[in-house]
Amino acid sequence: MSTLPLPAGSASPLGRSLIDDDFLEDPYPTYQALRDAGPIHWSNEFFGGAWLLTRHEDVETMLRDPRFSARRTGGWVMNSGEGARNELKGFQRLFSRAMLFLDAPDHPRIRRILHAGFRPDVLQALRPHVEALVGEVLAGVDAARGFDFMQQLARPLPARVIAKLMGMAGDDDSRFIVWSDDLAAFIGAPRPTLEQARRAQASLLGMGRYFESRLANGSAEDGLVGCLARAASDGTIADGGELLAQCAMLLFAGHETTRNLLGNGLYHLLAHPGLWDELQRQPHRLMGAVRELLRFESPVQYTGRRVATDLVLHGQPLRRGELVLGLIGAANRDPRRYEHPDQLDIGRRAFAPLSFGSGPHVCIGAALTLMEAEVVFGELMRRWPTLALSQPRPGWNRNAVYRGLEALQVHALTPAPARGAARA
C-alpha cells in the first residue's frame, strides 16, 4: 500500500488523542470538533493510520461508492501484534470470507441466498416467538426490586432470536454470547492487541466447528443455516470456509447490534423526562421513536472501507489501499442533515440514519432488529408504565465501534396511594 506524505502534526487532527476515556464515555463532542475542523482527517490512532470522514454526505458516499472496497480484513488481522501473521492465518482465512467483507460479485451472490431468511413474511411469522421470549424473561423479573436490563433481557434475547431464525433454537445460546463478545472486542478496538485477536480467532473458529458439526449430522435443515446448506449443495455458495463464515457472522451480527439498540434505547427513553409517558399515550409513535434512537445513539459508531482506486475527496488525494473510516456516530448528528441533531426528537422528519449502513451492504437484518426493539419496549411499557432508571449515569462499555452499556439498572416505581385512601 502506498502512503501519502502527511503534514506534521497530522497524527491527531485535534492535537490530542481522539480515543481516550472521555471519548469512550461520550464521543459526540469529539465528533463535533472533527466536523467543525473539516470533512476529512488523517489519524494514526486507528489501525496504524486511516482517513476519517465526519459528514453524513461523505459517509453515505463511502458506503455506496464502489471506489471504496469492503475487503479490509488482511492488515487488520495480521497487524494485531508481533508474530500474528503466522498465528492468525486461520482467523484471517475465515474472517475475510464473511459477506460483510466482500465486494461484488461475491457479496450480492451470498446476499441473495440470505435474503430469503429475512423476508417480511418470515419475520412476521417469527414475531410471536419473539413476543413469547420477551414475556418468558420478564415474567421472572421483580421490577419493584429492580433488575439489570442488559443482563436479564438485552444480552440474551437477540442471541435466542437469531438462533431461532437460523434454525438452532434450543442450543446453548450462552456460548453464542461469549463468542460474540470476543469478536466485538476485536472489531471494536482501534488497535487490536494480539490477545484480542487470539480470543477472536478462538471464538470464530469455535463457531466454525459448531456449524460444521451441525451440517455434518444433518441438523441444519431449517432456517438460514438450512438455506446456506442447500446453496452449498447446488454450488451457489462454496462448501467449507465460505459457508461457515456466513453462519458465524450471522450469529455475531444478529446479536451485537440489537443488544446495544435495546440498552441504549431504553436508557434514553427513561432518561429524557416525559418521553416514556408520551409513548404510552401515543404507542403508534414507538417505531418512529426507535428510528430516532438509532440516530441519536447509534449502536455502530463507525465502519471502514479500503480505497479501491486513487481518488480525490475534498481536495485530498486518497491512494489505493488506504483505509477510510466513516464515522456513523458523527454523520448521524451532522447539522447539515438534521436540525438540532443533539436533541432526541421522536417527531423528527423521517430521514433514515446511517446506523444500519447504506447501499449494497445495508444491514440485511435491520427489520429484525427494529421488530425486536418494538416488541421489547412495547412490552415494558405495558407491564411497567412507571419504569425508571435506578442510577442516573450508567457505565458505557469501552468499545469504540459497538457503543453500548455494560449494565442498566431499572425498577418500577410503586404507584402513589390515591388521594383520600385509607392509611394503615
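Each reported figure results from applying straightforward, stated rules to the coordinates on display, with no laboratory input. This structure is a prediction, so every number in the text was calculated from the model and none was measured. Here Cβ is always computed from backbone atoms with ideal geometry, including for glycine, and neighbour counts include all displayed protein chains.
Taking the Cβ of each residue in CYS227, CYS247, CYS363 as the centre, tally the other Cβ atoms inside 10 Å and list the residues starting with the fewest.
On the way: CYS227 21, CYS247 24, CYS363 17.
So the residues, fewest neighbours to most, are CYS363, CYS227, CYS247.
Counting other C-beta atoms within 10 Å, which of MET207, MET99 has the fewest, and how do the rest follow?
Exposure proxy ranking, most exposed first: MET99, MET207.
Treating only the Cβ of Lys, Arg, Asp and Glu as charged (+1, +1, -1, -1), what charge dipole size does the stretch 83-143 show about its Cα centre? Round to the nearest 20 debye.
Computed about the Cα centre, the dipole is about 560 debye.
Restricting things to alpha carbons, find the Rg to Rh ratio for the chain using the Kirkwood radius for Rh.
Numbers: Rg = 22.1 Å, Rh = 22.6 Å.
On the Cα set of the chain, Rg over Rh gives 0.98.
How big is the antiparallel share of DSSP beta bridges in the stretch 21-412, given as a percent to the nearest 5? Kindly include the intermediate steps, with their values, before the conclusion.
Numbers: 20 of 23 bridges.
Beta bridges within the stretch 21-412, antiparallel portion: roughly 85 percent.
So for the stretch 21-412, averaging the separation of alpha carbon pairs under 8 Å that are six or more residues apart and normalising by length, what relative contact order in percent results?
Computed value for the stretch 21-412: 27 percent relative contact order.
Determine, for each peptide in 403-411, 138-146, 23-31, the mean count of other beta carbons within 10 angstrom over its residues, then list the peptides with the highest first.
Output ranking for 403-411, 138-146, 23-31: 403-411, 23-31, 138-146.
Between the alpha-carbon centers of the stretch 242-311 and the stretch 324-384, tell me the distance in whole angstrom.
First find each Cα centre; the distance between them is then 6 Å.
Provide the per-residue ³J(HN,Hα) series for the stretch 36-47, in order, calculated from phi with Karplus coefficients 6.51, -1.76, 1.60 and θ = phi - 60°, each as a whole number of Hz, with x at glycine and proline positions.
5, 7, x, x, 9, 9, 9, 9, 7, 7, 10, 6
Rounding to the nearest 20 debye, state how big the charge dipole of the stretch 311-424 is about its Cα centre with +1 on each Lys and Arg Cβ and -1 on each Asp and Glu Cβ.
Using Cβ point charges on Lys, Arg, Asp and Glu, the stretch 311-424 gives about 220 debye.
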